[in-house]
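Reading through the C-alpha cells given below for one structure.
The values are calculated or read from the model by the stated rules, or taken from the named source; none is laboratory data. Keep in mind that this is a model prediction, so the values were computed, not measured. Every residue, glycine among them, receives a Cβ derived from its backbone with ideal geometry; neighbour counts consider all protein chains shown.
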Amino acid sequence: MKEVLNHVPLFALDYGKDEEDAVLGVLRSKWLTMGEETKSFEVEFARYIGVKHAIAVSNCTAALHLAILAAGVGDGDEVICPSMTFVATVNAITYAGGIPVFADLVSEDNWTISPECIDSLISSRTRAIMVMHYGGFSCDMDSINKLARRKGVKVIEDAAHAIGSTCHNRKLGSMGDISCFSFFSNKNLSTGEGGMVCTNDDGTAEKIRLFRSHGMTSMTLDRYKGHAFGYDIVEKGFNYRIDEIHSALGRVQLRKLDRNNLRRLKAAQSYRRLLSEVGEIRIPFERYEHRPNFHIFPILLNRGVNRDKFMRFLREKGIETSIHYKPVHTCSYYVKRFNVPMLPVTEEIGRREMSLPMYPDIKVEAIEQVVSAIKSYLEN
Ligand SMILES: *Cc1c(COP(=O)(O)O)cnc(C)c1O
C-alpha cells in the first residue's frame, strides 16, 4: 500500500469571511486607529475576562512593559519570574531597569512557576512577581497572591498563552493585579499583532492608558469629536497604540474563541488517548484540575530520546513540531548580563520538551498520523 503523506502544520489560523468583512468595514469607515472598534474591543474583552479595565495595545510585549511600569518597577528593582517562557516576559522587566530573578517550576508534571521558589527568592528589593500560565495551565494563583499580599508586592500575569482558560470559574488574567494578553498570529485569539492589558484597579488603568500614548492627556478621537482641544504630557510615554483593523479582527476572533478552545480540548483528548500507550513520552499536567485552553500541546521525551533527530524525522513525515522553550536564563544575553541561577526542573524540561501540532481545526486523522509517526520512530 502506498503511504499517504499529509502536511500537518504546528498551527493554523481560523480566519474566514467574518474577518474579511471586519477589515473591509474599517477601511470603508476611513478611521484607522484608536476609534470605535478599539473601544468596543476593550469593552467586550473586559467583560469576557471579567475585569474592570482592558486596554488594547500594539502587542503583548508592549503590554508587559506597561504592566511592569504600572507596577512601579524601576532601576534595580527585582522581579521574580519563570525562565520557562517566551523571552518577552523577561525582556519587559529589563526595559524598565528591573532585574529578573528566575524561579524554578513546580515539577516535571506541573510546568508553572513554583510558589515555594518564589517565597525563597522574595527580598526587600522585590517589587513584583511575574507569572506565566504555561500552555494555558494556571499557575497556583491562590498561593502566589497570598504570598504577594503578605510581602506587599504586585502580581503580573503574562496570560499570552491563557486566553479563555478558567480556574474555579474565573478566567486566567483576572486574578493578579495586572494581566497581559497577546494576539500574535499563533495565539488562540489572533490578529497578527496586538495585545491587551487588564486590571481591576482604576489608578493602574489610568496610568497604562497614559503610557500607551505618549503620556498625553487627551486622545485624537476626543479632540476630533470636540470633547477636547488642548493636551498636556504628564509622563514619559510611548506609542503602544493598536489600530482599528487589528481591533476589528480581535472582536471577530473573540466571538469564536470559546468554540475554538472547545475544539482544541477535543483534539487534546484525542492526543491523550492515543499517546497513552507510548511509554517513551510523558504528557504534562496529568493531575491538573482546572480548564485549560490547550494553546499548545507539549510533551516530555524520555531521557534517552534524541530530540533533534526525532523532530527531523517528524518533519520528513510532514509533521511540524516546535520547542517551548529554550529557558531564558540559558540564553547568552541573560548569562552575560545577570547572575543566573541553576534551575534543575526548568533545565530538564528545556532539554526534553517538544510541542505537537495543535489548532482548532486539526482533524482526528491528522492526530492519528502524528501519533503513528511518533510510534514508528520510537519503536525503532
Ligand atoms: C507570544 C508571547 C509573548 C509576546 O507576545 P507579542 O504579542 O508577540 O509581543 C509574551 N509572552 C508569552 C508567554 C508569549 O507566548
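Here are the numbers:
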{"item": "Test: residue in segment 151-165 that is assigned to a loop (DSSP other than H, G, I, E, B), under 15 Å from A46 (Cα atoms) and of a type in the set (V, I, T)", "result": "yes"}
{"item": "Criterion violated by L300 - all others in (1) in a strand (DSSP E or B); (2) surrounded by fewer than 15 Cβ atoms within 10 Å (Cβ to Cβ) satisfied", "result": "(2)"}
{"item": "Condition broken by C180, with the remaining ones in (1) at pLDDT 95 or above; (2) surrounded by fewer than 20 Cβ atoms within 10 Å (Cβ to Cβ) satisfied", "result": "(2)"}
{"item": "Condition check for N260: within 24 Å of H324 (Cβ to Cβ), within 18 Å of the chain's Cα centre (by Cα) and more than 14 Å from the ligand (Cβ to nearest atom)", "result": "yes"}
{"item": "Residue satisfying all of: in segment 114-150; part of a helix (DSSP H, G or I) and touching a residue at least 40 places away in the same chain (Cβ under 8 Å); nearest to the ligand (Cβ to nearest atom) among these", "result": "Y134"}
{"item": "Filtered residue count, segment 50-97, keeping only those that are over 21 Å from R209 (Cα atoms), touching a residue at least 40 places away in the same chain (Cβ under 8 Å) and assigned to a loop (DSSP other than H, G, I, E, B)", "result": "7"}
{"item": "All positions within segment 173-185 that are part of a loop (DSSP other than H, G, I, E, B) and closer than 16 Å to M132 by Cβ", "result": "G173, S174, M175, G176, D177"}
{"item": "Some residue of segment 127-134 being of a type in the set (G, A, S) and surrounded by fewer than 24 Cβ atoms within 10 Å (Cβ to Cβ)", "result": "no"}
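Residue-by-condition table, conditions (1) modelled with pLDDT under 95; (2) under 24 Å from the mean Cα position of the chain (by Cα):
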| residue | (1), (2) |
| --- | --- |
| A267 | no, yes |
| L274 | no, no |
| E277 | yes, no |
| R291 | no, yes |
| I296 | no, yes |
| N302 | no, no |
| V328 | no, yes |
| Y334 | no, yes |
